[in-house]
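The values are calculated or read from the model by the stated rules, or taken from the named source; none is laboratory data. Treat the numbers as computed from the prediction; the structure is a model and nothing was measured. Cβ sites come from the backbone with ideal geometry, for glycine too, and all protein chains shown count toward neighbours.
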Amino acid sequence: MERQATPTSDRSASSAVYSLAVIGGSGLYEMAGLTRIRELSIETPYGPTSDSIVEGFLELESGPVRLLFLPRHGRGHRHSPSTVNYRANVCALKKAGATHLLSVSAVGSMLEDIVPGDLVVVDQYIDLTKRRQSTFFDDGIVAHVSFGDPVCADLAVALANAADRAVAATEAPSPRSPRVHRSGTYVCMEGPQFSTRAESLLYRSWNVSVIGMTAMPEAKLAREAELPYATLALATDYDCWHESEDAVSVDAVLAVLGRNVALAQAAVRELASALPDPTKSRAHRALDGAIMTARDRFPEAERARLSWLLRA
């Protein structure tokens, strides 16, 4: 692959109407049919991204769609959920020209009905993280974006439909085909340790659907960056609340994830062929009316740091 620092206005993107950014595992970009593959290294005011961005194109009947893949934990899984540079990742994808942002995440199931191997299109989050920088507006320029509905509804519907098509087209790895759950609440814990049994039972009492460690502050930052955002959660286990199941282990998680890589790739491909108009998303122009600081009081250093995001 070609490694190259590339500005937002890169000419190779000019033929694509939309650019779908995918944050997830490092194997997602290894999909058949991806052309013009190269690596992009994009500088951000927040430091380095988790890894370089892999750019590629899918040549579809409706025209080319540009894909941007960013391994959230870095290739080789070098960054823990607490040390991922979420601000740099979202900023770099925005600067690279992303029009939509899809998160693909491994999660534990908190409901009997969500069986390991199932897919959940999340529509709500509970943020229990403690150590992460969760806003681009924290030093001299204050903004309060609306976040009551944190997922782009149109993108979530398109994602659920894409996942259904992917499941229908993929041979089931067991007698039971994976099921796509079209809504669910994701509780995001700090980690990197898995839950205690008491914690798991507490979260169950909240009627959440899945538990993970990476959706926050990613979803919050995507909203501030005015990017339509959705999460495809891949259930790998029953956390530790399920008394008939073994306690969560890395080996068990990786085994289920390995079986679902092809399914996740198929869902991404299907979504790429049916991306909704991003200007119809609640994330579009989310900063309008959200910035509280008077423009004539913007510190020049902070204005420069946010130049990739602020409109004139």
Item to complete: Determine if region 244-259 includes at least one residue that is at pLDDT 95 or above and either closer than 21 Å to residue 108 by Cα or outside any helix (DSSP H, G or I) (or both).
Response: no
Discussion item. I'm told residue 80 meets every condition in (1) surrounded by fewer than 23 Cβ atoms within 10 Å (Cβ to Cβ); (2) closer than 28 Å to residue 200 by Cα; (3) in contact with a Ser or Thr (Cβ under 9 Å, 6 or more places away or on another chain) except one. Can you identify the failing condition by its number?
Written reply: (3)
Item to complete: Scan region 174-224 residue by residue and report those that are under 26 Å from residue 144 (Cα atoms) and acidic (Asp, Glu).
Response: 190, 218, 224
Worksheet item: Counting only residues that are more than 22 Å from residue 105 (Cα to Cα) and at pLDDT 95 or above, which one in region 42-64 is surrounded by the most Cβ atoms within 10 Å (Cβ to Cβ)?
Response: 42
Worksheet item: Are there any strands (runs of 3 or more DSSP E) wholly within region 32-136 with 3 or more residues that are closer than 30 Å to residue 305 by Cα, in contact (Cβ under 8 Å) with a residue 24 or more places away in the chain and not polar (S, T, N, Q), and if so which?
Response: 34-40, 53-60, 63-71, 100-109, 124-127
Worksheet, complete the sentence: Scanning region 13-31 residue by residue, the ones that are aliphatic (A, V, I, L, M), surrounded by 14 or more Cβ atoms within 10 Å (Cβ to Cβ) and part of a loop (DSSP other than H, G, I, E, B) total 3
Worksheet item: Could you count how many residues in region 263-312 are within 23 Å of residue 233 (Cα to Cα), among the basic types (Lys, Arg) and in a helix (DSSP H, G or I)?
Response: 1
Discussion item. Can you confirm whether residue 99 is polar (S, T, N, Q), within 18 Å of the chain's Cα centre (by Cα) and at pLDDT 95 or above?
Written reply: yes
Worksheet entry | Selected residue [out of contact with any strand residue (DSSP E or B) (no Cβ under 6 Å at 6 or more places or on another chain) and farther than 23 Å from residue 226 by Cα] from 80, 109, 146 | 80
Discussion item. Looking only at region 135-166, count every residue that is more than 15 Å from residue 282 (Cβ to Cβ) and in contact with a Pro (Cβ under 7 Å, 6 or more places away or on another chain) and tell me the total.
Written reply: 1
Item to complete: Starting from region 178-204, keep only residues that are more than 12 Å from residue 109 (Cα to Cα) and of a type in the set (Phe, Trp, Tyr), then list their pairs with residues that are at pLDDT below 95 and not in a loop (DSSP other than H, G, I, E, B) whose Cβ atoms are within a distance under 8 Å, requiring at least 6 positions of separation or different chains.
Response: 194/108
Discussion item. Is it the case, given these coordinates, that residue 198 is assigned to a helix (DSSP H, G or I), within 22 Å of residue 22 (Cα to Cα) and either out of contact with any Cys (no Cβ under 8 Å at 6 or more places or on another chain) or at pLDDT 95 or above (or both)?
Written reply: no
Discussion item. Based on this model, can you work out whether residue 127 counts as touching a strand residue (DSSP E or B) at 6+ places or on another chain (Cβ under 9 Å) and surrounded by fewer than 22 Cβ atoms within 10 Å (Cβ to Cβ)?
Written reply: yes
